[in-house]
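Here the structure is laid out as C-alpha cells; the discussion comes afterwards.
Quick note: the coordinates plus some simple rules give every number you see, no bench work behind them. All figures in this text were calculated on a predicted structure; none of them were measured in a lab. Neighbour counts run over all protein chains shown; Cβ positions are idealised from the backbone, glycine included.
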Amino acid sequence: VSYTLGRLAALLGETDRAAGFMTDAAAAATAFRAPLFAQRVAKTQLALSDQR
Amino acid sequence: VRFEFLGQVTITAGIRRVGAHGEQPALVVARLVLDRPSPLPREELADLLWPTNRPVRWEGRARRRPACIVTPDEAITSLAASRFAFPPNSNWLLATATVGDAVVLTGRREHAPVLLALLEPYADREVALNCFGSGAYWGR
C-alpha cells in the first residue's frame, strides 16, 4: 500500500511525501524478498530523486 | 481498444486480437460496446446467449460473462461519484488499492487526495493482486 501511496503523492507533486512512502515500500520489498517489486520501487525512487 | 463488427466480431488491443466465437457471444459483445457503459442485466444477457433454450444452470454460466464494458477513465469517474466507498468487507483494501493504482496510471490527479486519505491508515499492509482478478492482503 505504501507503494501506491507514494505514487499517488507523486502524482500530486508531493515528492518529499512520496519519497517517505517509497522508503517504506523498499523496506517491505526487502522483507518479503520480492526482487521484481524492489526493482519497481527503486525505479520510482530514482524518478522521484530526479524530480527533487 | 478497437472493436470490429463487420465480418467476424473482433477485439483488438495493441498487437493482441481476439474474436468472439459464435453468434451469441458476438451479440453480447456488440450489445456491451454499443450501449457502453450501461450494464447488461442478467436476464437480458441470458436472452442474448440462449435465445431459445436456456441451460438448466444458466445463472452460473452467465456469471462468467462480462456484465459491462467501460474504459478505466469511465470506471474511475463512476467510482469517484461515491468517493470510492466500496463495501466494508474483506475486499475493501484490495479494491481501494487497485483503484489507487488505476488513478496513477490514468493520471487522474484530482482523485489522488481522496485515495491518499483512504489508504494512508493502511500504509503498512501488503497487497498482492494476481492476473486472475483476485488477490490477497495481509498485515496488522
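Relative to 2.2 N^0.38 Å, what does the C-alpha radius of gyration of region B:7-128 come to as a ratio? Two decimals please.
Numbers: Rg = 18.0 Å, N = 122, 2.2 N^0.38 = 13.7 Å.
Region B:7-128 yields a ratio of 1.32.
Note on B:PHE5 and B:GLU74: with the Förster distance fixed at 22 Å, the Cβ-Cβ geometry gives a FRET efficiency of about 0.60.
If you take the Cα Rg of region B:68-126 and divide it by 2.2 N^0.38 Å, with N the number of residues, what do you get?
1.07
Each residue of region B:5-10 was assigned a 3J(HN,Hα) from its phi angle through the Karplus expression (A = 6.51, B = -1.76, C = 1.60, θ = phi - 60°), giving 10, 8, x, 6, 6, 9 Hz with x at Gly and Pro. Computed 3J(HN,Hα) for region B:74-82, one whole-Hz value per residue from the Karplus formula 6.51 cos²θ - 1.76 cosθ + 1.60 where θ = phi - 60°, is 5, 5, 5, 4, 5, 6, 5, 4, 9, glycine and proline marked x.
Ignoring everything except DSSP H segments at least 4 long, calculate the 222 nm mean residue ellipticity for the protein assembly as shown; use -39,500 (n - 2.57) per segment, divide by total residues, nearest 500.
Calculated mean residue ellipticity at 222 nm is -16000 deg cm²/dmol.
Taken over chain A, the convex hull of the Cα atoms encloses 54 Å³ per residue. Pairs of Cα atoms nearer than 8 Å and 6+ residues apart set the relative contact order; for region B:1-120 it is 15 percent.
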